[in-house]
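> Below is a structure I'd like to ask you about.
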Amino acid sequence: MKTLAPTFSDREARIESSKTSGARIKADKLRSRGVDVINFASGELDYMPPSSLLSSVERINYRDSHRYVDTAGLQELRSFVSANIASFDEITYSAEEVIITTGAKHGLFLSVMTLINDGDEVLLPQPSWGTFKAQIMLAGGKPMVVESEGERFNPTAVEFEKCIGQNTKLIVLNSPCNPTGEIYSEHQLRDIAKLAKERGLWILFDESYRNLIRPGCAFIHPAAAFPGIRDQVVTVGSFSKSLAITGWRVGYAYGGQEVIRRLKKLQSHTASNANSLAQYAISDITQNEVVRFNTKVNAELDERCHKIQNSLKGQDLISYSEPCGAFYFFLDFRKIVGKRMYGIEVDSTDRLAEILIEHAHVALTPGSAFGKEGFMRLSYAIDRESIQIGMTNLVEALNHVE
Ligand code: PLP
């Protein structure tokens, strides 16, 4: 009998698997063979969540919290997000303009699906987290790469403007940025927001790392920099990174009422609601407890940053600009690409990542995962001792470049 094979969707075929997970998986494999690989590829804090959050889990009344909840999320949690915005950004989005999502990732997906049509162009800074590109393509959009001439990667309004075409619909901004740790300044955001307003463009603003800021750096929201953009910016954020609860899958989005109503409609058909237990637990903690936890984490992250900078002193093959937030350095390896290391030709940072895992036992994420060859992301969401060992190995490996 002749049979026909069913085919898969073109939509899925448009996208590539996540490369940020790739480095992690390779390191885990080597580790399972007994090799101690230092994982500089981690995308999550190495902390336990705040103890008040863990106690609030113990207090959950399972009798009441195992059912579907409001698609938009628990009223208490939406009010918590709304209050945070008011106190930290001095801008106002009511609880009705907030939706709780299954991590920032699903919030971003709902946003992209709501904001763009097939063929719409989306201005996407490069380097950027690979999920943005994948989601834009899944939604039928065309990611248009915007690169900055400056050393610090964030494109300016002028650089965005040059890339605007007939079909441009949306600008994606991520601050602090994965993979660079860069923050958009007030004047950069004001100019970009003005441009978006003039040209009738949406801004999708990912603030997932907003609570992880280094001393001397300041986070600012686009609507605080330019209030006129308030209803044209859809903000997506997360509890994953700031509370060390990546697995709980709770994030949020906020924006004008109309856009949030549409996100809610989409969420009702794709997730119903974000994890109810986690929502109850997070609703139970106070803003002060979150601030206390983040203050402690940020002080430690800053120490780690200094440790990495000290390790890189005195060598001239790797350069970098100092990050302002998140927990990433985006290191420039362009002086090594094209050379040989341990006798192996380094033709790309993908290859370099493999060489470093195998010979120096350190896992970094290659720049190609973020659309930027020649660079690698180093995450310092690991303890100081591991950083010390890993940086010693990495710097020692530089002696094998010829
Ligand atoms: N946004 C950025 C820029 C990220 O780097 C990540 C995770 O690495 C996320 C969103 C995903 O966050 P969540 O765990 O809340 O889905």
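> Being away from the ligand (no atom under 16 Å from the Cβ) and modelled with pLDDT of 95 or more is the requirement here; does residue 64 meet it? Give the steps one after another, and end with the answer.
Numbers: away from the ligand (no atom under 16 Å from the Cβ): yes; modelled with pLDDT of 95 or more: no.
When the stated conditions are applied, residue 64 does not pass them.
> Working carefully through the options 301, 331, find the one that is buried (at least 16 other Cβ atoms within 10 Å of the Cβ) and part of a strand (DSSP E or B). Walk me through how you get there before you give the answer.
Working: 301 fails: part of a strand (DSSP E or B).
Unique residue meeting the criteria: 331.
> Output yes when any residue across segment 255-273 is under 22 Å from the mean Cα position of the chain (by Cα), without any contact (Cβ under 8 Å) to a residue 40 or more places away in the chain and more than 16 Å from the ligand (Cβ to nearest atom), and no when none is.
no
> Let me confirm something: among 25, 99, which residue is within 16 Å of the ligand (Cβ to nearest atom), within 30 Å of residue 139 (Cβ to Cβ) and free of Cβ contacts under 8 Å to residues at least 12 places away in the same chain?
25
> Let me ask something additional. What's the total number of residues in segment 306-364 that are aromatic (Phe, Trp, Tyr) and more than 26 Å from residue 149 (Cβ to Cβ)?
2
> For segment 265-279, which positions are in contact with an Asp or Glu (Cβ under 9 Å, 6 or more places away or on another chain) and either in a helix (DSSP H, G or I) or open to solvent by 40 Å² or more (accessible area, probe 1.4 Å) (or both)?
279
> Pairs please, first residue from segment 115-136 and in contact (Cβ under 8 Å) with a residue 12 or more places away in the chain and within 21 Å of residue 349 (Cα to Cα), second anywhere and open to solvent by 20 Å² or more (accessible area, probe 1.4 Å) and aromatic (Phe, Trp, Tyr), Cβ atoms under 8 Å, 6+ apart in sequence or on different chains.
Listed pairs, sorted by first residue: 125/153; 127/153.
> Residue under question is residue 93, and the condition is that it be modelled with pLDDT of 90 or more and more than 25 Å from residue 371 (Cβ to Cβ); does it hold? Let's see the steps before the verdict.
On the way: modelled with pLDDT of 90 or more: yes; more than 25 Å from residue 371 (Cβ to Cβ): yes.
Judged against the criteria, residue 93 is a match.
> Could you grab me the full set of residues in segment 232-261 that are buried (at least 18 other Cβ atoms within 10 Å of the Cβ) and either assigned to a helix (DSSP H, G or I) or among the aliphatic types (A, V, I, L, M) (or both)?
Scanning segment 232-261 gives 232, 233, 234, 236, 243, 244, 245, 248, 250, 253, 259, 260.
> Residues of segment 130-158 being assigned to a loop (DSSP other than H, G, I, E, B) and either closer than 28 Å to residue 319 by Cα or not assigned by TED's automatic domain parsing to the domain that holds residue 191 (or both), which ones?
If the condition is that a residue be assigned to a loop (DSSP other than H, G, I, E, B) and either closer than 28 Å to residue 319 by Cα or not assigned by TED's automatic domain parsing to the domain that holds residue 191 (or both), then 148, 149, 150, 151, 152, 153, 154, 155, 156 are the ones that fit.
> Identify all residues within segment 169-194 that are part of a helix (DSSP H, G or I) and either modelled with pLDDT under 95 or open to solvent by less than 10 Å² (accessible area, probe 1.4 Å) (or both); write none if there are none.
Hits for segment 169-194 are 189, 192, 193.
> So, of the residues in segment 107-129 that are within 12 Å of the ligand (Cβ to nearest atom) and open to solvent by 30 Å² or more (accessible area, probe 1.4 Å), which turns out to be farthest from residue 283 (Cα to Cα)?
Among them, the one singled out is 129.
For every residue, the table says whether it meets (1) out of contact with any Cys (no Cβ under 6 Å at 6 or more places or on another chain); (2) hydrophobic (A, V, I, L, M, F, W, C); (3) surrounded by 15 or more Cβ atoms within 10 Å (Cβ to Cβ).
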site: 71; (1), (2), (3): yes, no, yes
site: 102; (1), (2), (3): yes, no, yes
site: 138; (1), (2), (3): yes, yes, yes
site: 144; (1), (2), (3): no, yes, yes
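> Another question about this same structure. Suppose we keep only residues that are buried (at least 20 other Cβ atoms within 10 Å of the Cβ) and part of a helix (DSSP H, G or I) within segment 203-231. Which one would you say is nearest to the ligand (Cβ to nearest atom)?
222
> Which ones in segment 34-86 are among the acidic types (Asp, Glu) and part of a helix (DSSP H, G or I)?
Within segment 34-86, 58, 64, 76 meet the criteria.
The values are calculated or read from the model by the stated rules, or taken from the named source; none is laboratory data. Computed from a prediction, not measured in an experiment: that's the story for all the values here. Using ideal geometry, Cβ is built from the backbone for each residue, glycine included, and neighbour counts are taken over all protein chains shown. Heavy atoms of the whole protein, side chains included, go into the accessibility calculation; ligands, DNA and RNA do not. Shrake-Rupley method; radii C 1.70, N 1.55, O 1.52, S 1.80 Å.
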